[in-house]
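Structure record follows, encoded as structure tokens.
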Amino acid sequence: MATLYVSPHPDDFRSLLALIAAEFSGASRPQTVTEDPPVSLNARSRPTLVLGAGEGDSVLSGDSAVAWYLADQGKKAGVDAKQQSQVWQWLSFADNELTPVSCAVVFPLMGLQQSSRAELLRVLKVLNQALEPRTFLVGESITLADMAVATAVLLPFKYALEPSDRNALTNVTRWFTTCINQPQFLKVLGKVTLYAPTDPKAANVCPAADSAGPPKTEAQLKKEAKKREKMEKFQQKKETEAKKKTQPATEKKAKPEKKELGVITYNVPTPPGEKKDVVSPLPDAYSPLYVEAAWYSWWEKQGFFKPEYGRKSISEQNPRGVFMMCIPPPNVTGSLHLGHALTNAIQDSLTRWHRMRGETTLWNPGCDHAGIATQVVVEKKLMRERGMSRHDLGRENFIQEVWKWKNEKGDRIYHQLKKLGSTLDWDRACFTMDEKLSYGVQEAFIRMHEEGVIYRSKRLVNWSCTLNSAISDIEVDKKELTGRTLLPVPGYKEKVEFGVLVSFAYKVEGSDEEVIVATTRIETMLGDTAVAVHPTDPRYQHLKGKTVLHPFCDRKMPIVFDDFVDMSFGTGAVKITPAHDHNDYEVGERHNLPFINILDENGLLINVPPPYLGMKRFEARKAVLQDLKDRGQFKETKDNPMVVPVCSRSKDIVEPLLKPQWYVNCSDMGKQAADATREGRLKIIPDHHLKTWYNWLDNIRDWCISRQLWWGHRIPAYFITVNDPSVKPGEDMDGHYWVSGRSEEEARQKAAKRFCVSVDKITLRQDEDVLDTWFSSGIFPFSIFGWPNEDLNMFYPGTLLETGHDILFFWVARMVMMGLKLTGKLPFKEVYLHAVVRDAHGRKMSKSLGNVIDPLDVITGITLEGLHAQLTDSNLDPLEAEKAKQGQKSDYPNGIPECGTDALRFALCAYTSQGRDINLDVNRILGYRHFCNKLWNAVKFSMKSLGDNFVPSEKESVSDRWILSRLSAAVGLCDAGFKAYDFPAITTAIYNFWLYELCDIYLESLKPVFSKAEEDGASQRQALVSRQSLYTCLEVGLRLLSPLMPFVTEELYQRLPRRRPLSDPPSISVTSYPNTEEFCWQSDEVDRDMEFVMSVVKTIRSLRSDYNLNKTRADCYLQCIDPATVSLVQKYCLQIQTLSYSQAIITLPTNKPVPEGCAVAIASDRCTVNLMLKGLIDVEKEVAKLMTKRGDLEKQMEKLRERMVKNDYKEKVPVKVQEQEAEKLRQSQTELDKVKEAVENFKKMMQLSA
């Protein structure tokens, strides 16, 4: 086992890094020793990691090497070469940038200088910027990068960074708090208290060396006394500053209180459905609360969501086509989660896009009755409020209670969908238990039953003893166990043992031989009816025709020979329980074995001898095991990795149970569905799902549609009893004695006809069961339109089905099969399957993990306490709730900030990549709220620049050709993106156009144009032209964005003047979507010219940054290689001057000398930039700075070279690390060359000035 030597000092951040990395190292975690490593190891610093026996080649010293090794063991050093490089880069940042300034600020021995503090804040600002769009530094989860940087800033956070500093560094503080609340950090650091000015003196915080060691010399003691003296002076200084802060200011005026962003509300009284006030001035900053008020009810009242909008008749043919999509009906019990939000963000964006294209558009809402979930909710409510079970009430009264609950609570999810801006036609909302849809469900069952597609059979089903019902495969969670595990089971006080394999022996009749078998469910041996071996197994050939004896009853069980047995597993002999195992069921069918059911619906034992009769199944497990031991037939118990089926609703262990049920024969329907895709009539996007689609449909099993519930569509089937001695009584599982009908009278007529008797001799009993919820969902695309009684031609088949790939089989395949079966048509032409939302760490959303987030909390924001309160109100048990709280604290230490609906929708669409899971970081959505603010400010500035009297013309000028070219490119990308369901391409195109092209370049370029507008006629004409181009960019840019961000685009669009005020549509949501035929100004030549111009601008900006010309304008001489480049630079001279913040732009041919005193940089092979520095900077001061930087770089490079020339470097250091260090050396050399060049330039300037 490895040994880790660390310092015992609680603030030795190097040792802390190693300890945290060790916590992440998994099973290979080393033992920890808080003392110096043995002298023989030649390792003088801690941490040191000794691997194996401690030979020279198995010792790692230093925090970086030790931490890298440990983190790599736990897969925390990067998952691929790119991530490993990034991790190494952050390690270098922590070591070379952060640690020196952190120590300079915190260590008493160095004193506290203001310059050190400023340098620390500068470095932390770099880190703050890097963390703005990210939760963690590398990838989507904690890596060594986070461990190293977090430990490097640990001491400043504990002892130096005041609350005001932390508020300025919001991203760093958020990230640091997230890190230190991870369980692995907490185990090493405990609870970290952040620095407050009132804290005790921060003396003796960080050791220069380990505190444990030999006695100190006199010189060392003197040195420490000096340190203390410095620290006391520092504390006195801090106290003086604190006193000054408490004294009232005499000269300086108090600054006006800074307004909080995001708290602006819309306060103009606006009745629901009336148009929002758009005359009042726009607020100073974007606020979701203000922007999202009042618009939705106005859209709804105006009828924008209805397919009839703008049409004389819905049956009137629309040359632009019809778009119809039905919502995947959410559960009536449900509340919105981020998975719903993703579905609705995509579906609403598509619906809005089709509507803006002029198509007759319908997005049909609906809700699913959710049989099991709803019944469970209402049963719990009854027991909690009235102490009654459903059986106390009776079926009819209980169903009335469910309807009452549905009418009170069931439309909650509709209100949430409206909050998301979903443009569903609410007048067409359907509920699967509505009379219209229920009739369709009944009709579907009867037609398929009469055709023989639905039939009665007794087979094994997934049974939940707690729910007393069969459940579908989707409601079974597969819990993986690595070995012996105790699990909680409803109805049992003590946890139950799983994950063990019990071996025992059956005695062979008439001999002393025994056959040893093994099982993970020992209680099921009470239902064994055979032992199976492989037909070719030589060990058992002599037992053909023999039987074994059951130890607890007089049952003789045959030894059968069957190919399904694996000879290599265990003894090669398998116990067979046909009534309680799916594989054994098939063996029982093949060998005509008895099927003995030993469990009733409540999980109590039946058909077994005393003392087991009536026992609970898992109590019988213990009793059977003990009795086998007492009889000497028990052999052994050993750990066994296995999968335990758990009911997702009740958390009960699912039992295979023999029950007579109704089944759908899916073989022919499955073939038709697969053929539709193979023949290209049905398109599944992305197509990599086709493999699993075909695999499932080509091997489809019959579908059990019976559920032992009260809430749902009661099966319209009746068991027949004929009161005539000539007709023998039927059995429950005999389909001949079952008849279906739309009413009991119709069923009675059918029964009488079948058995050739009069109606009065027929007695009927309707099946108590209800249909699987997926059955009604399977006909949802046509039952919502009144099938079979109403005409489907207008909106059936639909255009598209959009849903998550996780219900491809449970819902999508069944809709296709039932649509083809009952209507002869596919229910839709295309299926788009989006990714499944997971949390930032890639985990499935789960209440017990605390990572299920209500989208409304992201929209409006919520505190950490608010998140905790939601857990308190949930049904989680206390242990799960506490675990979930820890998860919330780790992921959202400061709660969730208010992001708004538009930012959430845009983020979800931006994250969507076809066929992959989405690891959604809620904190990153905030970045898109900042984008909304940028948009807001851009439109506000533009409207001011356009002026109050601006009138948009019918035709745009193409004088400002570049921005119109980029606008056309964005239009093309959005059009292609929507057609291909490529949402990241759409969001990227819009984001880049607004942020980088319109705001960063074009608007900045226009400022001097508008400021000079009144100087002369030419300037005025140019300003008029630019205003038209700017208006076009704003109006078209908002229309491009509208499907994704409906609220902010409506708010801003309503403030713009109209080109055709009398005929333009009233809302952006029904305005035409930009298309490439109208916006066809894209020019590769213009784009190339502007790309060249921006390379010049960026080069000038880079030079200005290098020489700290932050606020000083300088002349810029551009040496151009040919007359064409000179002409191009002169054409864009004003833009270059404005964007680069230059005093003047002067073009020079290559044969003309550049004035002395310039800094030089190459912009391209056609242009060299010469920035005049003479007279603008303190040359001696700049040279001194550069010489310091040169010294630092040379030291850093020397250390790297020393490391790289060591004899064992190539053998010991990983190849990837060697490559990274070589690249680091190359970059440092480039930087050093630039520094030397700058020094030489400055020295020349000094000589000239002399």
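The values are calculated or read from the model by the stated rules, or taken from the named source; none is laboratory data. It should be emphasised that the depicted structure is a prediction, and the values quoted were computed from it without experimental measurement. Positions of Cβ are generated from backbone atoms using ideal geometry, with glycine treated the same way; all protein chains shown enter the neighbour counts. For the accessible areas, the whole protein counts, side chains as well, though only heavy atoms, and no ligand, DNA or RNA atoms are used. Shrake-Rupley method; radii C 1.70, N 1.55, O 1.52, S 1.80 Å.
Structure values in brief
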{"item": "Candidate set from the range 428-446 (those that are among the aliphatic types (A, V, I, L, M) and not in a helix (DSSP H, G or I)); member that is nearest to residue 369 (Cα to Cα)", "result": "433"}
{"item": "Residue satisfying all of: in the range 554-577; in a loop (DSSP other than H, G, I, E, B) and buried (at least 19 other Cβ atoms within 10 Å of the Cβ); modelled with the highest pLDDT among these", "result": "577"}
{"item": "Exclusive hit being on the phi > 0 side of the Ramachandran plot and buried (at least 20 other Cβ atoms within 10 Å of the Cβ), set 421, 371", "result": "421"}
{"item": "Candidates 1085, 1077, 1156, 1091, filtered to the one that is at pLDDT below 90 and not polar (S, T, N, Q)", "result": "1156"}
{"item": "Members of the range 70-110 found to be touching a Pro at 6+ places or on another chain (Cβ under 7 Å) and either open to solvent by 60 Å² or more (accessible area, probe 1.4 Å) or closer than 28 Å to residue 30 by Cβ (or both), listed by number", "result": "102"}
{"item": "Entirely in the range 475-528, the strands (runs of 3 or more DSSP E) that have 2 or more residues that are over 18 Å from residue 645 (Cβ atoms) and modelled with pLDDT of 95 or more", "result": "500-508, 514-519"}
{"item": "Residue check for residue 1047: out of contact with any Cys (no Cβ under 6 Å at 6 or more places or on another chain), closer than 26 Å to residue 351 by Cα, of a type in the set (A, V, I, L, M, F, W, C) and assigned to a helix (DSSP H, G or I)", "result": "yes"}
{"item": "In the range 1218-1242, the residues that are open to solvent by 30 Å² or more (accessible area, probe 1.4 Å) and closer than 19 Å to residue 1157 by Cβ", "result": "1234, 1236, 1237, 1240, 1241"}
{"item": "Residue match in the range 493-513 (condition: closer than 30 Å to residue 544 by Cβ, in contact with a Gly (Cβ under 8 Å, 6 or more places away or on another chain), of a type in the set (Gly, Ala, Ser) and open to solvent by less than 50 Å² (accessible area, probe 1.4 Å))", "result": "yes"}
{"item": "Qualifying residue in the range 327-335 (condition: hydroxyl-bearing (Ser, Thr, Tyr), within 25 Å of the chain's Cα centre (by Cα) and part of a loop (DSSP other than H, G, I, E, B))", "result": "yes"}
{"item": "Count of the range 1126-1137 residues which are more than 20 Å from residue 1002 (Cβ to Cβ) and either of a type in the set (D, E, K, R) or crowded, with 20+ Cβ neighbours inside 10 Å (or both)", "result": "0"}
{"item": "The range 1188-1220, subset assigned to a helix (DSSP H, G or I) and of a type in the set (A, V, I, L, M), residue nearest to residue 1150 (Cα to Cα)", "result": "1193"}
{"item": "The one condition in (1) aromatic (Phe, Trp, Tyr); (2) under 30 Å from the mean Cα position of the chain (by Cα); (3) crowded, with 22+ Cβ neighbours inside 10 Å that residue 962 fails to fulfil", "result": "(2)"}
{"item": "Restricting the range 290-309 to residues that are open to solvent by 50 Å² or more (accessible area, probe 1.4 Å) and under 33 Å from the mean Cα position of the chain (by Cα), the residue that is farthest from residue 356 (Cα to Cα)", "result": "300"}
{"item": "Residue 312 out of contact with any helix residue (DSSP H, G or I) (no Cβ under 6 Å at 6 or more places or on another chain), open to solvent by 30 Å² or more (accessible area, probe 1.4 Å) and at pLDDT 90 or above", "result": "no"}
{"item": "Pairs, first touching a residue at least 24 places away in the same chain (Cβ under 8 Å) in the range 304-319, second of a type in the set (A, V, I, L, M) and part of a loop (DSSP other than H, G, I, E, B), C-beta under 9 Å, six or more apart", "result": "305/424; 306/314; 307/314; 307/794; 314/794; 315/794"}
{"item": "Count - residues of the range 465-475 that are buried (at least 16 other Cβ atoms within 10 Å of the Cβ) and within 31 Å of the chain's Cα centre (by Cα)", "result": "3"}
{"item": "Residue list for the range 712-755, restricted to those being within 26 Å of residue 776 (Cβ to Cβ) and open to solvent by 60 Å² or more (accessible area, probe 1.4 Å)", "result": "714, 733, 742, 744, 745"}
{"item": "Any chance residue 339 is modelled with pLDDT under 95, on the phi > 0 side of the Ramachandran plot and not aliphatic (A, V, I, L, M)", "result": "no"}
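Residues checked against (1) touching a strand residue (DSSP E or B) at 6+ places or on another chain (Cβ under 9 Å); (2) modelled with pLDDT of 90 or more:
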| position | (1), (2) |
| --- | --- |
| 783 | yes, yes |
| 790 | no, no |
| 795 | yes, yes |
| 808 | yes, no |
| 816 | yes, yes |
